[in-house]
Amino acid sequence: MNEVAIGIDLGTTNSVIARFEEGGVRVLENRQGELMTPSTVALDPDGGGLLIGRPARELLALHPGRAVGAFKRAMGSDEQFSLDMRQHGAVELSACILRALREDAARTLGTEVTGCVITVPAYFNEEQRFATMKAGELAGLNVMRILNEPTAAAIAYGLHRLDKESKFLVFDLGGGTFDVCIMELFEGILQVLSTAGASRLGGEDFTRRLVSWTLREVGTSFEQAELRDIAALGQLYKRCEMAKRKLSDQEDVEVIVPRFMDLLDRDVSVRMMREDAETAWEPLLRDLAGPTRSALMGAKLDPSDLDEIILVGGATRMPAVRRFVESFFGRQPVESIDPDLTVAHGAAIQAALCLQDAAVEEIVVTDVVSHSLGVDVAREIAGRPVTGYFSPVIHRNTVIPTSRTEDYYTLHTNQRAMRFGIYEGDARRVEDNRHIGTLDVNGIPKGPAGQQVDVTFTYDVNGLLEVEATIAGTAKKFSRIFSRESKTLSKKALDAAAGRMSKLKADPLKNPRYRDLKLRAESLWKDAPESMRAALDFALISFDEALMTRNAMSIRKAFEALEKECDRFDGGERW
Ligand code: AMP
């Protein structure tokens, strides 16, 4: 039987599943016949079973204690959500959503679904990515790849297939969050240049402003209404949500304000013009500028340097948001795919790529490490060792996948063992960073202080970290794949991760193409007159430096530059 793999956009408010089929991407319907499944879990008040999606969201409005939503924000943390007296973590709740999505996909496709690609925000750290993978496993899915949402959006628009160099920005305004991500495409490699965002700014804030505006129109306020009649407020919120959506297509809308205990003794109709709404949203529209500007600053780019602007998230349908984007960037964004479904589209294409050919993996992977990863060390201060300092092995913003090595030394004579604390963060002192785990090294040969241990960190695209320590001059190696929850990752998944990582550690210097080009350049250098040697020398050194970084993008750029230099010498331009 053919393997069937799907793409899953596991969103804070809504989730979407899609599959790449002949002729394009098909977004799959859920059991309610809808394309978007609210990421909400509830306990059925009648039967005690689980409700997922729209029925759960409806229950959330009526019985908040029996339903939970927006738990994606707690991924990777210990936060617990109470569902009818019992406590549940975000991984468990996400697994419920994923299981339902898997069943829906199987029902719609008429076949079991085995593999999937799940998307996460670009700023998710290693633990949040791991938690997402774990949720997929719990749901019985084989998670082939954790993919960044903006990367998925770029794939959906086929930007990964362009052969020119391009830079683009993904502007993602969802229900509760705003994310901006700038990416660069070079020779088929997509790299995140910068990310910025606001974790509490989204479509829901726009709806809330409309609720306040409407209440003011009938002579009261949000605060008053909240105190007096929470149920009526919930109802008004729903009506304003509908009104907001209508205002994306029409100039005005009627909102019926329900009777509010003590405040309003009957239903009152209020006419809301798009202009009223946009005036109420002005502060929110202004708030979109900050993260947009910081993403540009982070990537050291001007709006005019960008080739495309991609809109993602339902809230980008608002004409006011589009106008903001157009005036900020001075151009129209691309928008041929429904902004709610773009990420799932990209995930589905990536799932198909993963299935068809492992070699395609090379095409669309790179991201940056959002927080440095390293070990704790002692530093000598006034002649005495002081422990607790952070020594990064992989620095923040390093392109992943990556593998880096640092050397560390014993502090004492005849020290036979070392314990490395592994941390994530960017504070000088380890106590201010996040502790990931420890790696013990034993059997260091007796000798004076200063025995060398090489520590290699390998970080893959799924955010799994392998730490390997080798006692210099011996074959003794100690290694572990890290995550707070690595104990619970199945043996199979751990083995597969270790296999993938061993490829990352492969020395790029051993790549025959790289070695041949270096030999060619060195032999040309031998024959070149002094005046011509400098350019070749520079290109060779740059290539060596790029190989040391193990950064795929830098290696490719330096490779091309060196090749060009060699061709120039080999061609008529010699001497
Ligand atoms: P997402 O998290 O991407 O599903 O975004 C959902 C958000 O998009 C919600 O806040 C919706 O209110 C908003 N949204 C969806 N459709 C529209 C529309 N036609 N006009 C305005 N906002 C919309």
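What's the number of the only condition in (1) surrounded by fewer than 21 Cβ atoms within 10 Å (Cβ to Cβ); (2) more than 22 Å from P45 (Cα to Cα) that F81 fails to meet? Status for F81: all satisfied but (2).
Residue-by-condition table, conditions (1) polar (S, T, N, Q); (2) out of contact with any Leu (no Cβ under 8 Å at 6 or more places or on another chain):
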{"site": "P401", "(1), (2)": "no, no"}
{"site": "E406", "(1), (2)": "no, yes"}
{"site": "H412", "(1), (2)": "no, yes"}
{"site": "R434", "(1), (2)": "no, yes"}
{"site": "V441", "(1), (2)": "no, yes"}
{"site": "G447", "(1), (2)": "no, yes"}
{"site": "G450", "(1), (2)": "no, yes"}
{"site": "T458", "(1), (2)": "yes, no"}
{"site": "E466", "(1), (2)": "no, yes"}
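Whenever a residue of segment 9-26 is assigned by TED's automatic domain parsing to the domain that holds A56, its partners that are among the aliphatic types (A, V, I, L, M) and part of a loop (DSSP other than H, G, I, E, B), lying with C-beta atoms within less than 6 angstrom and at least six residues away or across chains, give the pairs T12/A70; N14/M36; V16/M36; V16/L341; I17/L28. The number of residues in segment 224-257 that are under 37 Å from the mean Cα position of the chain (by Cα) and farther than 23 Å from G175 by Cβ comes to 1. Where strands (runs of 3 or more DSSP E) fall entirely within segment 245-348, those with at least 3 residues that are away from the ligand (no atom under 15 Å from the Cβ) are at 252-257, 268-273. Is at least one residue of segment 32-54 more than 28 Å from the chain's Cα centre (by Cα) and surrounded by 16 or more Cβ atoms within 10 Å (Cβ to Cβ)? Yes, the conditions are met somewhere in segment 32-54. The condition of being crowded, with 17+ Cβ neighbours inside 10 Å and either within 16 Å of the ligand (Cβ to nearest atom) or aromatic (F, W, Y) (or both) holds for only one of L93, L10, L98, that being L10. Within the set A497, A493, A472, A535, the sole residue that is at pLDDT 85 or above and farther than 30 Å from E560 by Cα turns out to be A472. Kindly evaluate E127 against the criterion of being within 13 Å of the ligand (Cβ to nearest atom), of a type in the set (D, E) and in the same structural domain as F71 (by TED's automatic domain parsing). For E127, the condition - within 13 Å of the ligand (Cβ to nearest atom), of a type in the set (D, E) and in the same structural domain as F71 (by TED's automatic domain parsing) - is not met.
For segment 175-206, a residue qualifies if it is among the β-branched types (V, I, T), surrounded by fewer than 21 Cβ atoms within 10 Å (Cβ to Cβ) and within 16 Å of the ligand (Cβ to nearest atom), but none of them does.
Here L93 meets each of (1) in contact (Cβ under 8 Å) with a residue 40 or more places away in the chain; (2) outside any helix (DSSP H, G or I); (3) not small (G, A, S) with one exception, condition (2). For segment 435-460, residues that are in a strand (DSSP E or B) and among the polar types (S, T, N, Q) total 4.
Give segment 386-420 a look and list any residue that's more than 29 Å from A546 (Cα to Cα) and part of a strand (DSSP E or B), or say none. V386, T387, G388, M418, R419, listed by residue number. Looking at segment 13-34, which of its residues are within 13 Å of the ligand (Cβ to nearest atom) and assigned to a loop (DSSP other than H, G, I, E, B)? Result: T13, E34. Beta carbons closer than 9 Å, at least 6 apart along the sequence or on distinct chains, pair a first residue in segment 314-336 that is among the β-branched types (V, I, T) with a second that is more than 16 Å from the ligand (Cβ to nearest atom) for V325/T292; V325/I309; V325/R331; V325/Q332; V334/Y157; V334/F168; V334/E308; V334/I309.
Here G65 fits the description: part of a helix (DSSP H, G or I), farther than 15 Å from L28 by Cβ and small (G, A, S).
The values are calculated or read from the model by the stated rules, or taken from the named source; none is laboratory data. Being a predicted model, the structure only gives us computed values, none of them experimental. No Cβ is skipped: glycine too gets one built from the backbone with ideal geometry, and neighbour counts run over all protein chains shown.
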